[in-house]
Amino acid sequence: MTTAPPPPDPHAVELIAYADRLTGDLTTLRRVLTAPPLADALSGLHLLPFFTPIDGADAGFDPDDHRVVDPRLGTWDDVAALATTHDLTADLIVNHVSTRSPEFRSFLADVDASPHAGMFLTLDRVFPDGATEELLGRIYRPRPGLPLTQVTLADGRTRVLWTTFTSEQVDLDTSDPGTRAHLEQLLMLFAANGVRTVRLDAVGYAVKTPGTSSFMTSDTRRFLAWLTERCHAHGLRTLVEVHAHWRLTSELATLADLTYDFALPPLVLDALRTGDATVLHRWLGVRPRNSVTVLDTHDGIGVIDVGANAGHGDAEDPGPGLLPPERIDALVEAIHVATGGVSRRATGAAASNVDLYQVNATFLGALGGDEDAHVAARALQLVLPGVPQLYYVGLLGGGDDADLLARTGVGRDVNRHRYTPSELGEALRSPRTERILALMRLRRTHPAFEGTWWLADVDPDAPHLLRTGWRGTGRDADRTVTLTLDARARRATLEVDGAARAV
């Protein structure tokens, strides 16, 4: 029997970054992270896909070979070196492999004689008696159209394969011994190179069950339990990545070591838009404590996470969303206005998005460039329970990269700026970034975060105010951190050990 690795340090503060878009390669990334001003502000790093190639059809989430580091970034030795200075998170791409992978090329060439033939999920394997329109209509999809692609094999026969995300990403049969051996090999490789946390990418889509939505069903949960057990066997924590109804994501917190709080970004933006923190407050009272706390990531700002059930899962309807549909629509429109229409051009099928449930914008852009509001939101992120992860563009106060969007036509690139060394240096020296770094250092060092978190009740006469913080324990019982967020003013104030501190 295996046991879970210890939970993250209560002082943990992590960065989410691409090596090539932040500085250039793994060596320079480590140099930046271990030098001022970041050296004392960060404990961990979610290193976004560094496998070969990093510039495929899905920005590294469709590697030709998940076992090989892109030589333009470095080697596994460089990854291991990062792991000596930072608690390292890496992506395990669970649902699919690239059509350029050695395993899939073997299947195309040798068909059923290939030792990897069983790894790839065909339509008839899920629906041996045929798939009706009604059955296919039940499938929960992150993109328009059916998640299916027809391919022609070397012997001239055709097969219809599951391709949930793009036609270049072929879904795996998670029940196949070859698939499980493939995943096991990757976990061993991660552990051998110092990775501490495995982000289970797209795991919600990984199991297809006929007659269901094939998304986070009971079969998916059983697979997730198996995968978590295998991670624990190698001393690895699991971080599950699922965009879904809030009750479902709360349940995931009991199945994995860590889960994302994807509801937080839209709820913070909603509070700052309306001047009403009531819904945000209600969520903070029930959100899982083992959350990875994000305001932005390499993907867009999710809205499905605060909406009603979108037809996923196989349990009964979990009930209404955190926000009603009209309020979500108003928030999305407000983001489009705040970004000057950039997010509108970057969101939806027209911008090559495989995830139509997200709005593509930087967090600062979604706030209309209001730097004080941006820092106030970061203060809340860094005070809440869980592991705060700051996306590199958000930390550096990057705006919407309309030029990159225009060049690539990929909506999510609006929030994936490629920083040159000079741009990085300038951003790190900016007053805005210095304010966020000060908040990060507070989380890294103040003993109150080892104590008890509290959330004040909503004042019915002041629903725009949200007060929360930490009280120390034992010898540090008199140490405190208190944050007050004023959603109407879009500002935050901070008290540390009873003394006001600038935010």
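The values are calculated or read from the model by the stated rules, or taken from the named source; none is laboratory data. The shown structure was predicted, so the numbers you read here are calculated from the model rather than taken from an experiment. Glycine gets a Cβ as well: all are built from the backbone with ideal geometry, and neighbour counts include every protein chain shown.
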Unmet criterion (only one of (1) in a helix (DSSP H, G or I); (2) modelled with pLDDT under 95) for Ile335:
(2)
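Please verify whether segment 390-402 includes one or more residues that are in the same structural domain as Leu45 (by TED's automatic domain parsing), under 26 Å from the mean Cα position of the chain (by Cα), under 30 Å from Ala17 (Cβ atoms) and surrounded by fewer than 16 Cβ atoms within 10 Å (Cβ to Cβ).
The answer is no; no qualifying residue exists.
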Inspect all residues belonging to segment 31-43 and state whether any of them is among the acidic types (Asp, Glu), modelled with pLDDT of 90 or more, in the same structural domain as His417 (by TED's automatic domain parsing) and under 21 Å from the mean Cα position of the chain (by Cα).
no
So, of the residues in segment 413-427 that are surrounded by fewer than 19 Cβ atoms within 10 Å (Cβ to Cβ) and in contact (Cβ under 8 Å) with a residue 60 or more places away in the chain, which turns out to be nearest to Asp486 (Cα to Cα)?
Leu424
Please name all residue pairs, on different chains or six or more residues apart, with Cβ atoms under 7 Å, provided the first residue is in segment 244-256 and is touching a residue at least 60 places away in the same chain (Cβ under 8 Å) and part of a loop (DSSP other than H, G, I, E, B) and the second residue is of a type in the set (Gly, Ala, Ser) and crowded, with 23+ Cβ neighbours inside 10 Å.
Ala244/Gly204
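Output the residue which, of all residues in segment 29-58 that are of a type in the set (Gly, Ala, Ser) and more than 26 Å from Thr433 (Cα to Cα), is surrounded by the most Cβ atoms within 10 Å (Cβ to Cβ).
Within segment 29-58, the match that is surrounded by the most Cβ atoms within 10 Å (Cβ to Cβ) is Gly56.
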Cβ contacts < 7 Å: first residue without any contact (Cβ under 8 Å) to a residue 60 or more places away in the chain and among the β-branched types (Val, Ile, Thr), restricted to segment 463-480; second residue in a strand (DSSP E or B) and surrounded by 18 or more Cβ atoms within 10 Å (Cβ to Cβ), any location; separation 6+ or different chain. Result?
Thr480/Gly469; Thr480/Trp470
Can you tell me which residue among Leu439, Leu485 is assigned to a helix (DSSP H, G or I), more than 30 Å from Ala59 (Cα to Cα) and in contact with a helix residue (DSSP H, G or I) (Cβ under 6 Å, 6 or more places away or on another chain)?
Leu439
Taking Asp112 as the residue in question, decide whether it is over 32 Å from the mean Cα position of the chain (by Cα) and not β-branched (Val, Ile, Thr).
yes
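With respect to Leu148, determine if the residue is under 25 Å from Ala113 (Cβ atoms), under 28 Å from the mean Cα position of the chain (by Cα), free of Cβ contacts under 8 Å to residues at least 40 places away in the same chain and not assigned by TED's automatic domain parsing to the domain that holds Val240.
Details: under 25 Å from Ala113 (Cβ atoms): yes; under 28 Å from the mean Cα position of the chain (by Cα): yes; free of Cβ contacts under 8 Å to residues at least 40 places away in the same chain: yes; not assigned by TED's automatic domain parsing to the domain that holds Val240: yes.
Criteria met by Leu148.
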Within segment 443-469, restricting to residues that are under 20 Å from Ala376 (Cβ atoms) and in a strand (DSSP E or B), the one that is farthest from the chain's Cα centre (by Cα) is Leu465
Restricting attention to segment 207-228, does a residue exist that is among the hydrophobic types (A, V, I, L, M, F, W, C), within 25 Å of Pro10 (Cα to Cα), in contact with a helix residue (DSSP H, G or I) (Cβ under 9 Å, 6 or more places away or on another chain) and buried (at least 24 other Cβ atoms within 10 Å of the Cβ)?
no
Give the residues of segment 180-212 that are of a type in the set (D, E, K, R) and touching a residue at least 60 places away in the same chain (Cβ under 8 Å), sorted by residue number.
Arg196, Arg199, Asp201, Lys208
Condition check for His66: more than 30 Å from Pro431 (Cβ to Cβ) and either buried (at least 19 other Cβ atoms within 10 Å of the Cβ) or among the polar types (S, T, N, Q) (or both)
yes
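Can you pull out every residue in segment 190-206 that is surrounded by 17 or more Cβ atoms within 10 Å (Cβ to Cβ) and in a helix (DSSP H, G or I)?
Within segment 190-206, Phe190, Val203, Gly204, Tyr205 qualify.
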Of all residues being farther than 16 Å from Asn360 by Cα and part of a helix (DSSP H, G or I) in segment 408-422, which is farthest from the chain's Cα centre (by Cα)? Just the residue, please.
Ser422
Scan of segment 354-372 for residues that are in contact with a strand residue (DSSP E or B) (Cβ under 7 Å, 6 or more places away or on another chain) and either surrounded by fewer than 23 Cβ atoms within 10 Å (Cβ to Cβ) or free of Cβ contacts under 8 Å to residues at least 60 places away in the same chain (or both), ordered by number
Tyr357, Val359, Asp372
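Yes/no matrix, rows are residues, columns are (1) touching a Phe, Trp or Tyr at 6+ places or on another chain (Cβ under 9 Å); (2) within 19 Å of Glu184 (Cβ to Cβ):
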residue: Ala90; (1), (2): yes, yes
residue: Arg138; (1), (2): no, no
residue: Pro142; (1), (2): yes, no
residue: Thr149; (1), (2): yes, no
residue: Leu161; (1), (2): yes, no
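Table: residues versus (1) out of contact with any Lys or Arg (no Cβ under 7 Å at 6 or more places or on another chain); (2) surrounded by 11 or more Cβ atoms within 10 Å (Cβ to Cβ); (3) of a type in the set (A, V, I, L, M, F, W, C); (4) under 28 Å from Val242 (Cβ atoms).
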position	(1), (2), (3), (4)
Phe104	yes, yes, yes, yes
Leu108	yes, yes, yes, no
Ala113	yes, no, yes, no
Ala117	yes, yes, yes, no
Ala131	yes, yes, yes, yes
Leu135	yes, yes, yes, yes
Tyr140	yes, yes, no, yes
Pro144	yes, no, no, yes
Leu148	yes, yes, yes, yes
Which residue out of Arg490, Arg475 is over 28 Å from the mean Cα position of the chain (by Cα), outside the structural domain of Trp283 (by TED's automatic domain parsing) and not β-branched (Val, Ile, Thr)?
Arg475
